[in-house]
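These notes concern the structure reproduced below.
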Amino acid sequence: MRDGGSPWTLTVPTGGDTLRQERLTRDLHDSLRRADGLAVGFHDADGPTEPGRKGAGMSEVALWAATTAAVARPASQILITLIKEWCAKERHRKVVVTVGDDSIEITGRPDAAQERLVREFQDRVTGDDGPEPDDGAA
């Protein structure tokens, strides 16, 4: 997620309720755009639109997120914390976070197992935005 790194894709699943998905996605967007050091926007739908469909190619509304400046904590930690806080406002909220080929679902009422999975996900993606390794460390 560092400059030049992979942007994150954020999807709010709602079981096919497109109006609710759009409303929740816009609310998540508004919450994330207020954070210093993060840029967030709506994914552009590329490609031809099928007849009778609004937008192109994507069955769901999705956001992208990336860092805009150097921050004290890894960007993944900041973004995950903000998503957890947003989901906690309502226990049925969910956000699927995708970085490259890796993804995790964050819910409004995480149990210990999900918290562990989120930490493992952060450990896997930290290489994209964490500090450079210290080659001189023993």
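The values are calculated or read from the model by the stated rules, or taken from the named source; none is laboratory data. Note that the structure is predicted; figures quoted are calculated from it, not measured. A quick note on method: Cβ atoms are made from the backbone with ideal geometry, for glycine too, and the neighbour counts reach across all protein chains shown.
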I want to confirm something. Restricting to segment 73-109 and keeping residues that are farther than 19 Å from LEU38 by Cα and assigned to a loop (DSSP other than H, G, I, E, B), which single residue is modelled with the lowest pLDDT?
ARG91
Quick test for you: out of ALA35, ALA112, ALA65, ALA69, pick the one residue that is loosely packed, with under 11 Cβ neighbours inside 10 Å and modelled with pLDDT of 80 or more.
ALA112
Can you find even one residue in segment 85-107 that is over 24 Å from ASP30 (Cα atoms), surrounded by fewer than 19 Cβ atoms within 10 Å (Cβ to Cβ) and of a type in the set (A, V, I, L, M, F, W, C)?
no
